[in-house]
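**Student:** This is the structure I have questions about; it appears just below.
The values are calculated or read from the model by the stated rules, or taken from the named source; none is laboratory data. Quick caveat: nothing in here was measured; it's all calculated off a predicted structure. A quick note on method: Cβ atoms are made from the backbone with ideal geometry, for glycine too, and the neighbour counts reach across all protein chains shown. Note: areas computed on protein heavy atoms with side chains; ligands, DNA, RNA excluded. Shrake-Rupley method; radii C 1.70, N 1.55, O 1.52, S 1.80 Å.
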Amino acid sequence: MFQSKKRKALEGVIRQIKVDLANNYKDNAVDNLKRLKQETEAATAAGELKAKEVTELQTIIEHYETDMANFKRTY
């Protein structure tokens, strides 16, 4: 399946969030989630993503926001 360059870049951010969570790097995971949200919004505004992709990404973002809702700074 063909993906846009922007979609591939966003998938990279999602993979990094998964790695951060697996390694208990909570602060990095939160930062990458913010980055994912910003880049998704920018790509949506620029018309770089299809409606289906936007919906999928919003679902992923909501899932991670729920998972990270109780994270607190560790320092």
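**Student:** Would you please give the FRET efficiency between Ala46 and Lys26, computed as 1/(1 + (r/R0)^6) with r the Cβ-Cβ distance and R0 = 35 Å, to the nearest 0.05?
**Tutor:** Calculated transfer efficiency: 0.70.
**Student:** Shifting gears a bit: Using only alpha carbons, build the gyration tensor for the chain and give me the equivalent ellipsoid semi-axes, biggest first, whole Å.
**Tutor:** On the way: eigenvalues 113, 29, 21 Å².
One finds semi-axes of 24, 12, 10 Å for the chain.
**Student:** How much area per residue is accessible in the chain when the probe is 1.4 Å and only protein heavy atoms are counted (Å²)?
**Tutor:** Values: 5450 Å² over 75 residues.
Each residue of the chain exposes 73 Å² on average to a 1.4 Å probe.
**Student:** Here's something else I'd like to know. Cut-off under 15 Å on the C-alpha distance; same-chain residues fewer than 8 positions from Lys26 excluded. Which aspartates and glutamates are left, in chain and number order?
**Tutor:** Counting by Cα, and skipping residues close in sequence, Lys26 has these aspartates and glutamates nearby: Glu65, Asp67.
**Student:** In whole percent, and with a 1.4 Å probe on the protein chains, what portion of the accessible area of the chain is carbon and sulfur? Mind dumping the intermediate values first?
**Tutor:** On the way: 2770 of 5450 Å².
Carbon plus sulfur share of accessible area: 51 percent.
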